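Notes to accompany the following structure.
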Amino acid sequence: MPNGPLINYESCSGCKICYEICPTDVFGWDEERKRPVVLYPNECNSCGACEFDCLQLAIKVVLPPWLQLTYAERVK
Amino acid sequence: MRELENIVDEVVATDVLVIGGGLAGCFAAIAARGRGADVVVMEKADVRRSGDATFGIDHVGLRHDDPRISPVSPKEAARKLRENPFVDQRIPYEEVLAETYDRVMDLERMGCKVRRADGSFIRTPGISPATVLMMSVDQKKNLAQELGRLKVKVHNRTMMTDLLTYGGRVAGALGLNTRTGRFILFRAKAVVLATGKATRLYPNHQAPLGGFVVQGSSPACCGDGHAAAFRAGARLVNMEFSRYTLTPKNPAWWSSKGSMLHSKPPGLPEPLVDSRGRLLAELVQEEKGIDMLGTGGLYRKVWEMLKDGQGPLFYDMTSWPEENQKLITLGNVCERPIVLRYLRESGIDYRTHRVETSSLIHRCLELGVSGVKIDGQCRTSLPGLYAAGDIAGGTFFSALSGAITWGHRAGRFAAEYAACSELLPVDPGAVAEGRERVFRLLEGTGNLHWQELEKTIQLLLEDYVGAARNEPRMRRGRELLREVREKLLPQLKAANYHELMRSLEVGNILDVAEMHLLSALTRRETRFPGIRHYRIDYPHPDEENWRGKIVSLWREGEDIRIEILPPDQT
């Protein structure tokens, strides 16, 4: 199951901001297509900087499966 | 100099070089520039979203003589700090603590929202009455803009690989651009180290398949500065102390935890409950001792309970007043907005749900305690080298207030030093050696991936140092770490510049691991409540021999020297 930043290439404008700011250098840059590529998804720290800074809302950070469970109980 | 230009791709000369562009590094650069110095910042990621803060930090401790600004005066806070026998009494804490307010106002001038429209602060009194909310998710962006405005030269995506010395003084540093592979010599009259805390020493159970996934702190802060300072001969202190943390289990993850603690109604304990809803704080007999570091006793209890299979444990904020629950959300918005989506998608609401805790996580070495020893002017033991922020050791003053305050001080004093110093010569042999150390990882015949070596070191520390430490295990661990250095380290192989950065990081993690183990082996007592340094063979504090004694270590040639000293002699 893919996790880390998922790029929606239909919305991506190729502005490079995700590639520039990622604190853990997860993205590479495809010079031919002028688009970012996720090269190191397991080095994603789920900080959400790319998702937050993407003006096209083209990125969603996805947690790995073991972190997608609820781990909470309703008490009220 | 001709010769040097054949070894490196670029030579940069400046008055003050700041290594690390997080909160402390940015403030150091701004302060040094404000004193007329030519300033260069070297940053491994990008200053707009880097450092441990990434966006910024949602709370800051303010001390002020005006009770409308802070109920705690700098004098009073300093007096309290000085009661701690591990504090260096030479540090002018009254002055240092009073500066935090000025720095927060600096952030406001740069565009960060720190007060309501009527000029008042929002208090987040959970841990201290002096703490207020920082209402800005763009602290780092505002700082980056300020660097641009002041014409500070920023080298993003540039990792410091070594510090350079000449005649026992710091002459600059070597840097690798991790995108282009350019190898740069930075010559500087003064250097400020602001590379953050030392993380990634122990296994990350949130990332069982390797990598980072959700690290308690930014994984970029992994002790590059600690290791380089050590290799250059600077003194480090208190490297035995660990910061363990307990967080709500994902997706209500760690960022929520800090916000949660600061949002707590004052006087209430950390809202940890067992599966029957009993408050753990009430079950715990607080250990006797000086707990200047917070929640020690409670975490020791949690550690024991989880070790004995007594979970699940929960954070339960459902009975808090609504305003405190709202503060958690505000904190999340300001520090790490994505947390809100993670919470929403999993259907977790703090008002109605109790959230399961993770196991105890070794987050980093203890903040403001472990690190490169500084004095009140942020000077390290190496002339010309300054340190600030989370890398600075023995200060007992860290996080956002520590970063911006020490950062600004380091920049000021480094600029003053630079103003009456010359650029030192650089030894081409040392530069060539530094380059060879880096690039042989790309060219060698090894086949060890950085993640394999990182995991090896982490498992080793967990098994041979860990939360419950004893002499025979640590002695074995020391031998095994030596074996890692001799047998495994030379086999590291990087396939590209990104992996080269990671491989260099793992080399640094090995250096920090060694300092951690040696310091833990040296301190033959248990110190500080909780599991910061718990020796099962010396299970109690030894007040007679160890009270107010600091383990200080440094390198002399190939030898590691260790001294046990009172804090004001380190």
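The values are calculated or read from the model by the stated rules, or taken from the named source; none is laboratory data. In this text the structure is predicted, and so the values were computed from the model without any measurement. So basically every Cβ, Gly included, is an ideal-geometry build from the backbone, and we count neighbours across all protein chains shown.
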Provide a single number: the residues in the stretch B:337-359 that are within 26 Å of B:Cys222 (Cα to Cα) and not in a helix (DSSP H, G or I).
-> 4
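Results for (1) within 14 Å of chain A (Cβ to nearest Cβ); (2) crowded, with 23+ Cβ neighbours inside 10 Å, shown as yes or no for each residue.
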position: B:Ala467; (1), (2): no, no
position: B:Pro472; (1), (2): no, no
position: B:Lys493; (1), (2): no, no
position: B:Glu499; (1), (2): yes, no
position: B:Ser519; (1), (2): no, yes
position: B:Arg547; (1), (2): no, no
position: B:Ile562; (1), (2): no, no
For the stretch B:202-218, does any single residue satisfy the condition of being at pLDDT 95 or above and either of a type in the set (Asp, Glu) or within 14 Å of the chain's Cα centre (by Cα) (or both)?
-> no
Yes/no for B:Leu327 being part of a loop (DSSP other than H, G, I, E, B), buried (at least 22 other Cβ atoms within 10 Å of the Cβ) and touching a Ser or Thr at 6+ places or on another chain (Cβ under 7 Å) | no
Of the residues in the stretch B:501-517 that are within 14 Å of chain A (Cβ to nearest Cβ) and free of Cβ contacts under 8 Å to residues at least 60 places away in the same chain, the one that is nearest to B:Cys364 (Cα to Cα) is B:Val506
From the options B:Pro248, B:Pro269, B:Pro265, residue that is surrounded by 24 or more Cβ atoms within 10 Å (Cβ to Cβ) and touching a residue at least 24 places away in the same chain (Cβ under 8 Å) = B:Pro248
For the stretch B:143-192, what are the residues that are of a type in the set (Lys, Arg), crowded, with 19+ Cβ neighbours inside 10 Å and farther than 23 Å from B:Cys222 by Cα?
-> B:Arg187, B:Lys189
Among the residues of the stretch B:360-382, the number that are part of a loop (DSSP other than H, G, I, E, B), aliphatic (A, V, I, L, M) and crowded, with 24+ Cβ neighbours inside 10 Å is 3
Considering B:Arg182, B:Arg187, B:Arg149, which residue is without any contact (Cβ under 8 Å) to a residue 40 or more places away in the chain and more than 14 Å from chain A (Cβ to nearest Cβ)?
-> B:Arg149
Working only within the stretch A:44-76, note down all residues that are among the hydrophobic types (A, V, I, L, M, F, W, C), touching a helix residue (DSSP H, G or I) at 6+ places or on another chain (Cβ under 6 Å) and facing chain B (nearest Cβ under 7 Å).
-> A:Ala49, A:Val61
Filter the stretch A:11-25 down to residues that are assigned to a loop (DSSP other than H, G, I, E, B) and touching a residue at least 24 places away in the same chain (Cβ under 8 Å), then give me how many there are.
-> 6
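Let's see how each residue does on (1) assigned to a strand (DSSP E or B); (2) under 17 Å from the mean Cα position of the chain (by Cα); (3) basic (Lys, Arg):
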site	(1), (2), (3)
B:Gly25	no, yes, no
B:Ala28	no, yes, no
B:Arg33	no, no, yes
B:Val41	yes, no, no
B:Ala45	no, yes, no
B:Gly51	no, yes, no
B:Asp65	no, no, no
Can you tell me which residue within the stretch B:11-68, out of those that are in contact with a Pro (Cβ under 6 Å, 6 or more places away or on another chain) and polar (S, T, N, Q), is surrounded by the most Cβ atoms within 10 Å (Cβ to Cβ)?
-> B:Ser50
Residues (within 14 Å of chain A (Cβ to nearest Cβ), part of a loop (DSSP other than H, G, I, E, B) and under 20 Å from B:Glu240 (Cβ atoms)) located in the stretch B:198-226 = B:Thr199, B:Arg200, B:Gly216, B:Ser217, B:Cys221
